[in-house]
Amino acid sequence: MQTKNTQLLVLGGGPGGYVAAIRAGQLGIPCIVVEGGQLGGTCLNVGCIPSKALLHAADEYARARRWTDLSPIGISVASAQLDIRQTVHWKDDIVARLTGGVAALLRKSGVEVVSGWGTIVDGKTVDVRTAQGEALRISCEHLLVATGSVPVDLAGLPFGGDVVSSTGALSPGSLPQRLVVVGAGYIGLELGTAYRKLGADVTIVEAGQRVLPGYDESLTRPVAASLKRMGVDLRLGCTVQGRGEDGALRVLDAKGVEASLAADRILVAVGRQPRTAGFGLEGLQLRMNGRAIAIDGQCGTSMTHVWAIGDVAGEPMLAHRAMAQGEMVAEIISGKKRRFNPASIPAVCFTDPEIVVAGLSAQEARSKGIEVIEAQFPFSANGRAMTLESTEGFVKVAARKDNHLILGWQAVGQGVAELGSAFSQSLEMGAVLEDVASTIHAHPTLGEAVQESALRALGHALHI
Ligand code: FAD
Ligand code: NAD
């Protein structure tokens, strides 16, 4: 067996792992990344990036189809055609460019990448069966577990054939005529929307009483309304019973009425769980937090010099959280004093319209006993939104009543994902309403709704 030594061994080259490794390399820490699949992990290969590529393609196609009818803008096209294989090829090309970029960044930082699945022997040793079929033992001072997560399957509806997870749904060889999506969370809504816009008949089955049950209802209402307008059949409060002999999905609604949903393909999107099994992790007997590895404020586990970041360390399972944790752990190993204590981890749902939240909602703040002022500014009063043909939605701010410290932002509307950066910056910098209200925002932009909501909270909005 070949052997290697390093200071930091990163198990998993997703956004958490590769960012930790790049930063470690920059800080002069000898580092090896072990990756069994593809660099970039779920996010770049089968998650964030390919899903947003598919959504963009779906938006473009839906727009082109709209132009075959009378358009208020005065544009018309004779007919719109879709070549889904070319769409998938285009998406794969973006993924290849990004994952190639990650490999180049790791090389530039002096990080060694070992291709192969790792098995943890103990807290300082990992065995790897390399992609070339060789056995390799790596010894390290620090082990960073960044193995990510896997999709949850449903009893009676295992993945395979026409039952797909997001991974299968992101690389369709053909478009199904009838797609049934189980789960109206992030994945179900993003991909359900994309497939509907690409032309499939889409039914979404959700156990909860509304879509995106984790978000405030004022934010999800416009999304549910838009799904209905698109012709998506939303079945709320429904549980999946299994499949009939004809392949149809049998569901039971809250009143106990059974329905049979014909499907050419079924996308199961009922959540993801940390990837903690099958690679010797249990041998370390780490303290767990449910299925996730329990971590402290520095991403340390219950074993000294064994760290965990990203999805394997639980919710929120978001790429930017994994990256921020990875960067921090590398800095701690280099001797810097760091703690993971962000003012907010923004979250975006790339539905139509998009939803973005950062920090606390007014309701969450009140439940903590804080006296709050809140205000909302609608895009119907924003000029840029009108020029984009999308006046639906709003920006909402919540601040402390006593000193006007901003506690959180929420928005729903077309393109609001991009407002997330301004939201997070104001929270991280401890801005008060007056800071945002007195900042000159470029005109005409959706961002003016951010300034106007702060002005409105202070009682003197200008454009409403
Ligand atoms: P991962 O990205 O899962 O990477 C883990 C890596 O470890 C994988 O490459 C895996 O092959 C490797 N690995 C695991 N075990 C071993 C082993 N034993 N040996 C060697 N290698 C191993 N998040 C967002 O913030 N925004 C989005 O828009 C978004 N969209 C998403 C869309 C979809 C369809 C999905 C599925 C997820 C989406 N996410 C999104 C979530 C995001 O992808 C994850 O939060 C993020 O990838 C987590 O990063 P990670 O580094 O913890 O794990
Ligand atoms: P999710 O937790 O967002 O949603 C799962 C949904 O399935 C919930 O609404 C839940 O009520 C429903 N559900 C659960 N069991 C069910 C059942 N038996 N029948 C019907 N409905 C059921 O999970 P997801 O959509 O699979 O996404 C997984 C994770 O991936 C997310 O939590 C998020 O961390 C990440 N993600 C993020 C983004 C983004 O940031 N834009 C996009 C996609 C995925």
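The values are calculated or read from the model by the stated rules, or taken from the named source; none is laboratory data. Every value quoted in this text rests on a predicted model; they were computed, and no experiment measured them. Cβ placement follows ideal geometry from the backbone for every residue including glycine, while neighbour counts extend to all protein chains displayed.
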Selection within the stretch 172-207 - near ligand 2 (Cβ under 7 Å from one of its atoms) and within 20 Å of the chain's Cα centre (by Cα): VAL182, GLY183, ALA184, GLY185, TYR186, ILE187, GLY188, GLU190, GLU206
Taking the condition at pLDDT 95 or above and surrounded by 21 or more Cβ atoms within 10 Å (Cβ to Cβ), does ALA399 pass? yes
Reported set for the stretch 264-294 where residues are among the aliphatic types (A, V, I, L, M), more than 14 Å from ligand 2 (Cβ to nearest atom) and farther than 20 Å from THR125 by Cα is MET288, ALA294
Can you confirm whether ILE49 is within 23 Å of SER171 (Cβ to Cβ), hydrophobic (A, V, I, L, M, F, W, C), part of a helix (DSSP H, G or I) and within 15 Å of ligand 1 (Cβ to nearest atom)? yes
Unmet criterion (only one of (1) in contact with a strand residue (DSSP E or B) (Cβ under 9 Å, 6 or more places away or on another chain); (2) within 15 Å of ligand 1 (Cβ to nearest atom)) for THR3: (2)
What residue, of GLU60, GLU141, is without any contact (Cβ under 8 Å) to a residue 24 or more places away in the chain and at negative phi? GLU60
Could you tell me whether GLY118 is under 22 Å from ALA277 (Cβ atoms) and under 27 Å from the mean Cα position of the chain (by Cα)? yes
Can you tell me which residues in the stretch 153-162 are within 19 Å of GLY47 (Cβ to Cβ) and over 19 Å from the mean Cα position of the chain (by Cα)? PHE159
Those residues that are modelled with pLDDT of 95 or more, within 13 Å of CYS349 (Cβ to Cβ) and within 9 Å of ligand 2 (Cβ to nearest atom), I need them from the stretch 211-242; list them, please. VAL211, LEU212
Heads up, the strands (runs of 3 or more DSSP E) in the stretch 304-407 (entirely inside) with at least 1 residues that are in contact (Cβ under 8 Å) with a residue 40 or more places away in the chain and within 16 Å of ligand 1 (Cβ to nearest atom) are 306-308, 347-349, 354-359
Could you pull out the residue among ASP216, ASP246, ASP253 that is within 20 Å of the chain's Cα centre (by Cα) and over 27 Å from VAL150 (Cβ atoms)? ASP216
Can you pull out every residue in the stretch 430-460 that is of a type in the set (A, V, I, L, M) and within 13 Å of VAL397 (Cα to Cα)? ALA431, VAL432, LEU433, VAL436, ALA437, ALA449, VAL450, ALA454, LEU455, ALA457, LEU458
Taking the stretch 265-291 as the search range and keeping residues that are farther than 25 Å from VAL240 by Cβ and within 12 Å of ligand 1 (Cβ to nearest atom), which one is surrounded by the fewest Cβ atoms within 10 Å (Cβ to Cβ)? GLY278
Conditions (1) within 16 Å of ligand 1 (Cβ to nearest atom); (2) under 21 Å from ALA194 (Cα atoms); number of the one not met by ARG65: (1)
